[in-house]
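Working notes, beginning with the structure itself.
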């Protein structure tokens, strides 16, 4: 049985004149599609985390103000699920301070394990980069002083007290109470 295949010249002519469709573009990787969602979920539930989320909230207390100004905990990478292998704490360190933090490696690990539990972290992984500064809380509004009339009224109510030391302390207490009442209104 003879195949009805085109000759070589006919095949070349067909290939030159026929346009083929381009292959469709593959969809973007899944991680690129869900990355924004994962980021918002991570920010929302970070406080419930058992690792770096808890560390971030109290980082300055754990390692001290000096180290906290130049480092930031990123994540605690643990071994396989269910295994008891200690994890690795990933720290972001500002620029050239990585060498300083490397020398304080053992102290930082000990303090983190004291906070998270013994044997939680065994190693540090340092990532150089800018750290996110925590926004400082606004200072409380200045307290309004007592008016002259209020202060005179307080002194008048204590005129019968003869002991000078007791009178001073009662004045101080009275002013504090009046200021508290005045500033809460």
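Every read-out reported here was derived from the displayed coordinates using simple, explicitly stated rules and does not represent laboratory data. Since this is a predicted model, take the numbers as computed values, not measurements. Here the Cβ positions follow ideal geometry from the backbone for every residue, glycine too, while neighbour counts run over all protein chains shown.
Here are the numbers for this structure:
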| quantity | calculated |
| --- | --- |
| Cα gyration tensor of the chain - equivalent ellipsoid semi-axes, whole Å, descending | 71, 27, 15 |
| Share of Cα-Cα pairs in the range 32-128 lying beyond 21 Å, as whole percent | 34 percent |
| Most to least packed among 169-181, 112-124 [average Cβ atoms within 10 Å] | 112-124, 169-181 |
| Cβ-Cβ FRET estimate between residue 58 and residue 35, R0 fixed at 22 Å, reported to 0.05 | 0.20 |
| Footprinting exposure proxy for 5, 55, 146 (fewest neighbouring C-beta atoms within 10 Å first) | 5, 146, 55 |
| Calculated SAXS-style log₁₀ I(q)/I(0) at q = 0.26 Å⁻¹ - the range 121-163, Debye, Cα scatterers | -1.00 |
| Hull-based mean projected area of the range 78-133, where the convex hull spans the alpha carbons, in square nanometres | 4.4 nm² |
| Point-to-point label distance, residue 147-residue 161, nm (Cα→Cβ direction, 7 Å offset) | 2.3 nm |
| Approximate spin-label separation residue 16-residue 179, in nm, with each point projected 7 Å along Cα-to-Cβ | 9.8 nm |
| Kirkwood hydrodynamic radius over Cα pairs of the range 96-173, then Stokes diffusion coefficient at 25 °C and 0.890 mPa s, in µm²/s | 131 µm²/s |
| More than 14 Å apart - percent of Cα-Cα pairs taken over the range 143-185 | 47 percent |
| GNM top mover of 101, 149, 14 - the chain, alpha-carbon springs below 10 Å | 14 |
